[in-house]
Number of protein chains: 2
Amino acid sequence: MKVIKTISEMVAWSREIHRAGKTIGFVPTMGYLHEGHLSLIRRAKALCDFTVVSIYVNPTQFAPHEDLARYPRDFERDEQLCRSAATDVIFYPETREIYQPDHFTFVGTEKMTGKLCGLSRPHHFRGVTTIVAKLFNIVQPDCAVFGQKDAQQALIIKKMVSDLNFPVQIDVAPIVREEDGLAMSSRNKFLDSKQRQEAASIYQTLQYVAAQYRKEKPDFNQLKKEAANFLNNRAECQIDYIEFLDAENLEPPAADRPVLMAVAVYFGQTRLIDNIVLS
Amino acid sequence: MKVIKTISEMVAWSREIHRAGKTIGFVPTMGYLHEGHLSLIRRAKALCDFTVVSIYVNPTQFAPHEDLARYPRDFERDEQLCRSAATDVIFYPETREIYQPDHFTFVGTEKMTGKLCGLSRPHHFRGVTTIVAKLFNIVQPDCAVFGQKDAQQALIIKKMVSDLNFPVQIDVAPIVREEDGLAMSSRNKFLDSKQRQEAASIYQTLQYVAAQYRKEKPDFNQLKKEAANFLNNRAECQIDYIEFLDAENLEPPAADRPVLMAVAVYFGQTRLIDNIVLS
């Protein structure tokens, strides 16, 4: 396994792979890897000849008051995990390599960004689409794998790829959960033991609503209230949002189309997200 | 020479060229080609193994009141000219191929766009960067050639390529002029014979200011006034702007750095631009 730190070396490696007629699968991450990331790496390996994992905590997707500085990092552990998953290359650049001091070009996917996480994090997705566009241009992948845990992100990336004609196939992998149902996330490590225990109720809430949804004609306002009550009765948390949207375009839900139920919840300072597709 | 109309065929052609270890030079145009475009094609041919010219009048860079509908088109003539310049591929897509009805991803290069042509055409450059990003992803060129006539556009594209890490070398070709000095432009055909004659005074104004600039310590406010007087005395036209900016970053001019003198002028409905680098 190679660790590449510069753009020029990454570009050269990818060019050589393509010259040889081989394909590149790509998993962009912010590091602090867990089983969820490893499932993405395994999918990339199944789809393409070579696999690149990027590890880069992208500053442009954090607002000044957010947790960029305290976002967890552990490169040595990440390196071991990537090796265990038979990754070919880790792309591990520093910020001065990625953003010039006078960087001011951004990619924006309007309409899909001003809802769900985009409401409380207004510049977040502009940062995400910009870094993903940059990484696609550097790594030149044939396919890239994203996690359904970040459902809005995955839809926005798909839309960006389609609108800007990136020659990259996007694969979205199912959410990987802890035994009690909590979606795996690098931010779970910030939970204290009581929060960690209560955080399992996020998934229970999704399951509860999914069962309700199958039973009766959905009244989303009612379901939202029930979900909030269900969650608040089980956990000391602050609900950022519970939303029901079209699972493919994030527009209001329409009859006979799959519905995304998406949730964001604060446990103390730690913001967790999760979702389920109802159909 | 091949004429390719679909994205999938264009992508496949480019992939094959790269598989063969060859390079692609790209000249994006809006058609109605003239000697200026042909000079770009010749440069692309000198830089790369194969040359692709795109002919596409991009709607997202026109405002509703602008001249999208009347922008001149003549594909048969363009085809002949491309053939005469030994172009390998014309990429000639229709708008329904390029923009999906729900397209809403845009690339924006802030700071450089809110001045010069961006003042009277506020969404123009967002349209330009977006279509160029799309065309780069479709054509996958190794180098792309732009004309210095659109100086602001060339600088913005360079900045986009650098900020988003497009693996494309950008080449900027000098302005090609008619015998009387008028910069070649597809829009020149809209000038009536009196306007056409008087339009030569744009270049005379640039030359006049360049001579003044060499003579004395530059006072740009004074030069701007003199340029406006010089031009108004020779032509019945409406000045949109006469500006002096840093020739590399479009910031206010700084000592010991090349200065771009850029001009936009209306002759009737027809807006012409031109520029010169002072040093």
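Here are the numbers for the structure shown:
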quantity: Segment A:95-241: relative contact order as a whole-number percent, Cα under 8 Å and 6+ apart; calculated: 17 percent
quantity: Förster radius 30 Å - calculated FRET efficiency between residue A:179 and residue A:257 (Cβ-Cβ, nearest 0.05); calculated: 0.40
quantity: Compactness of the protein assembly as shown, expressed as Rg and Dmax over alpha-carbon positions, Å; calculated: 27.0, 85
quantity: Rounded, prolate or oblate (a/c below 1.5 giving rounded, otherwise prolate when a/b exceeds b/c) for segment B:104-181 by Cα gyration tensor; calculated: oblate
quantity: Within straight-line cross-link reach of residue B:215, lysines at Cα separation under 24 Å, skipping those fewer than 8 residues along the same chain; calculated: B:224, B:225
quantity: Cα-Cα over 20 Å, subset of A:115/B:134; A:158/B:2; A:149/A:189; B:134/B:159; A:134/B:2; A:111/A:158; calculated: A:115/B:134; A:158/B:2; A:134/B:2
quantity: Net charge of Cβ neighbours under 13 Å - reference residue A:253; Lys, Arg +1; Asp, Glu -1; calculated: -2
quantity: Two-decimal Rg to Rh for chain A - Kirkwood Rh, Cα set; calculated: 0.97
quantity: Normalised contact order of segment B:179-279, rounded percent, pairs of Cα under 8 Å and 6 or more residues apart; calculated: 27 percent
quantity: Centre separation in Å (Cα based) which lies between segment A:178-246 and segment A:94-116; calculated: 30 Å
quantity: Computed label-point distance, nm, for sites residue B:2 and residue B:23 using a 7 Å Cα→Cβ extension; calculated: 2.1 nm
quantity: Per DSSP, loop GluC sites (Glu not before Pro) in segment A:181-279 with at most 15 further Cβ within 10 Å; calculated: A:216, A:236, A:248
quantity: Neighbour cut-off at most 16 other Cβ (10 Å), DSSP loop, trypsin sites (Lys or Arg not before Pro), segment B:26-114; calculated: B:70, B:73, B:111
quantity: Rounded to the nearest 20 debye, dipole of chain A from Cβ charges on Lys, Arg, Asp, Glu; calculated: 120 debye
quantity: Dipole of segment B:2-173, positive end: most advanced residue of B:13, B:32, B:137 [Cβ charges, Cα centre]; calculated: B:137
quantity: Efficiency of FRET between residue A:211 and residue B:249 - r from beta-carbon atoms, R0 60 angstrom, step 0.05; calculated: 0.55
quantity: Dimensionless Rg/Rh of segment A:39-175 - Kirkwood Rh, Rg from C-alpha atoms; calculated: 0.94
quantity: Charge dipole (debye, nearest 20) of segment A:186-278; +1 at Cβ of Lys and Arg, -1 at Cβ of Asp and Glu; calculated: 340 debye
quantity: Prolate/oblate/rounded label for segment A:76-132 (Cα gyration tensor, a/c 1.5); calculated: oblate
quantity: Electrostatic dipole magnitude of segment A:1-89 [Cβ: Lys, Arg +1; Asp, Glu -1; Cα centre; debye, to 20]; calculated: 300 debye
quantity: Chain B, relative contact order in percent, only Cα pairs under 8 angstrom and at least six apart counted; calculated: 18 percent
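Every read-out reported here was derived from the displayed coordinates using simple, explicitly stated rules and does not represent laboratory data. Note that the coordinates shown come from a computational prediction; the quantities given were computed from them, not determined experimentally. Note that we place each Cβ from the backbone using ideal geometry, even for glycine, and neighbour counts take in every protein chain shown.
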